[in-house]
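Take a look at the structure below.
A short reminder: the numbers here are calculations on the coordinates, not readings from a lab. Just so we're clear, the structure is a prediction, and the values are computed from it rather than from any experiment. Because the Cβ atoms are built from the backbone with ideal geometry, glycine has one as well, and the counts that use them run over all protein chains shown.
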Amino acid sequence: MALSGRINGSYAASSYAPYVKWSVTQSIPNNKSTMSVTFGMRKVSENSLSHNLDAQTLTLKVNGTTYTRSITFDFRTASAPSDHDIVTISGIEVPHNADGTKSVSISASHPTDISLGTGSVYGTASLDTIPRATKPEVPASATIGDTITITLNRASSSFTHNLAYKLGNGSFRSIATGVGTSQSWTIPTSLCDELTSAASGTVTIRAITYNGSTTIGTQTATMTVNVPSTVKPTATMTTALVNENTTVAGWGVAIKGFTKVSYTITGDATNDHGATIAAYQFSGNGETISGATGTTGALTTAGSVVVRGRVQDTRGRWSDWADITLTVLDYSTPEILDSSAERVDSSGDPADDGESVKVKLNGQVAAVGQNAATVKWRYRQAEGGWSAYATIANNEYVVLSTTFSKGVTYEIELSVWDDLGNTKSVVYTIPTEHVNIVLRPGGHGVGIGKHCEHDGEIEIEETWDIRYHGAVMTDHVIEQGTTGNWTYVKWASGRAEAWGAFAFNSLPVTQAWGSLYETAKQHVIFPVGLFVAVPNCQLTQTGNSASFLELADELDATRSQNFWFVRATSLSSANFTIHAHVTGRWK
């Protein structure tokens, strides 16, 4: 595309060539070009023919319009190469297409009646596009309520514009008319009411360009408009303490580990420009809960605990949090600060042979609500049943009202209780009177250092050592017995031992293990509660000489390691026996 150009043609004789030169001036307001077309001849090279031509008719066709002119030329003295303009036609008006583009067809021809033959030129002039409708320029995005500038870089100072906008696929609404180069526009807040399900939308700005009353064309531009961040719902929340423990409920306080919190969240979309409340969220106590109402688990933190609620609208916008601060009291189970229990005489003084017992327990409970400490005691003869509880004063020496025979060992339990039903206890053994050697009544027992309390036994004061062959016996069996296939022994030092034999009958030995075959995985269960830590377990197998054990180191305090019976050949059913010997600790 250009504002001027040249089209070359030809004669029969190549030493000469006709041409057409063209140039235009353009009217942007009128969307047209004014063209000037010149026909001429070029002497390309010197030759023996030096032509001249009397009047001949030139036919020139421009943009569909034919022009004729009578032309003459004389090249007898012309040098080569050289151009010679012969005729010019000016003022040819060429309307452009609606979009400002235009291509003009040009042709020229004339006879010579000499050896040059007929000259002809054919071609197209592609004219510069005349700027047409103005494309509006807007920011890529803006917030609803902001004022923006719509810039109009018009092609002609005579152009004016009518501006309009639309949201999404809606209808266009007027911004201004007769606008020149720019227009200030405040994005209407009413657009928020049309964006109830999204926080942003697309606005199209339309500019219709006019030259006077003539419509030049229409151009558009788009931008994103955002609902202001201040347009969002508001939330309020109420809470209530939920105390399932009736004592705590009566105190009306929040206590860690006991109190739950129920909540109700309310959303307000009055100032949310058409959006509605779509979701509710609670946060607190390490929990996030959806829903307008709900209840937490028991509070896990003491002190000032913040719980909060918020709502979300149909745009996806969350309100600010509505916070409530709760005062949560810490709770701990009762503690015993100090205690004692001993035999005393009738005056309350310590006496080995006294048949009264003086006790004291200083108990402490958590200072929550109206929580208070209650001290209780009960007793039993060794290995007997407990008496009912009785209450005594806290942190005071008390001589119990019960008579405690000096020939009997008793256990006395002292405990502190709080109002929530939790307790901490300590048990004292009240031994018999200390004696050298005494026969049990009837002569069926002997007490050494203490009274004998069981027929057919020799009882020794538990704090005394036994020396045998010059050495102190450091350990002794305190319990032995059987349970299931097991025989067990418990020693005073805490050592425990168990052994037994276990039959595994009708086991298929069909699982391939390399070139061998094995049973499914097996193990044996230890006596319940005997071992407090992982013991040492030795397993041996008997009963099938053509097999051996495969062991895995996976035992714990309740069972042996896993094992498999392995054979060189498969067998659909086989019987095995396992001997187990286990040593560990019972305390």
From the P(r) of segment 119-229, could you give the percentage of C-alpha pairs in the tail past 18 Å? 53
Can you compute log10 of I(q)/I(0) for segment 215-366 with the Debye formula, treating each Cα as one identical point scatterer, at q = 0.17, 0.18, 0.20 Å⁻¹? -0.96, -1.01, -1.13
Around L329, what is the net charge, scoring Lys/Arg as +1 and Asp/Glu as -1 over all other residues with Cβ under 14 Å from its Cβ? -2
Among residues other than Y488 whose Cβ falls under 13 Å from its Cβ, what is the net charge (Lys/Arg +1, Asp/Glu -1)? +1
Calc'd 3J(HN,Hα), segment 403-412, phi into Karplus 6.51 cos²θ - 1.76 cosθ + 1.60 (θ = phi - 60°), Hz, glycine/Pro = x, comes to 8, 10, 4, 6, x, 10, 8, 10, 10, 10
Just for the Cα atoms in segment 355-431, what are the lengths along the principal axes, largest first, rounded to whole Å? 46, 23, 16
Over 19 Å (Cα to Cα) - which of K376/K424; K135/K166; K406/K587; K32/K102; K360/K450; K358/K587 fall in this group: K406/K587; K360/K450; K358/K587
Out of all DSSP beta bridges with both ends in the chain, state the antiparallel percent to the nearest 5. 95
Two-decimal Rg/Rh across segment 495-585, once Rg and the Kirkwood Rh are taken from alpha-carbon atoms: 1.01
In straight Cα distance, which aspartates and glutamates are under 14 Å from K21, not counting same-chain residues fewer than 8 positions off? D83, D85
Using alpha carbons only: equivalent-ellipsoid semi-axes of segment 25-138, gyration tensor based, whole Å: 38, 14, 11
Considering only DSSP states other than H, G, I, E and B, which GluC sites (Glu not before Pro) in segment 502-587 qualify as loop sites with at most 15 other Cβ atoms within 10 Å? E554
Using every Cα-Cα pair within segment 317-381, state what percent have a distance larger than 18 Å. 63
By the scheme Lys and Arg +1, Asp and Glu -1, what is the net charge of all other residues having a beta-carbon under 10 Å from that of P188? -1
With Kirkwood's inverse mean 1/r over C-alpha pairs for Rh, give me the Rg to Rh ratio of the chain, two decimals please. 1.47
Can you list the GluC sites (Glu not before Pro) in segment 371-447 that are in a DSSP coil and have 14 or fewer other beta carbons within 10 angstrom? E383, E396
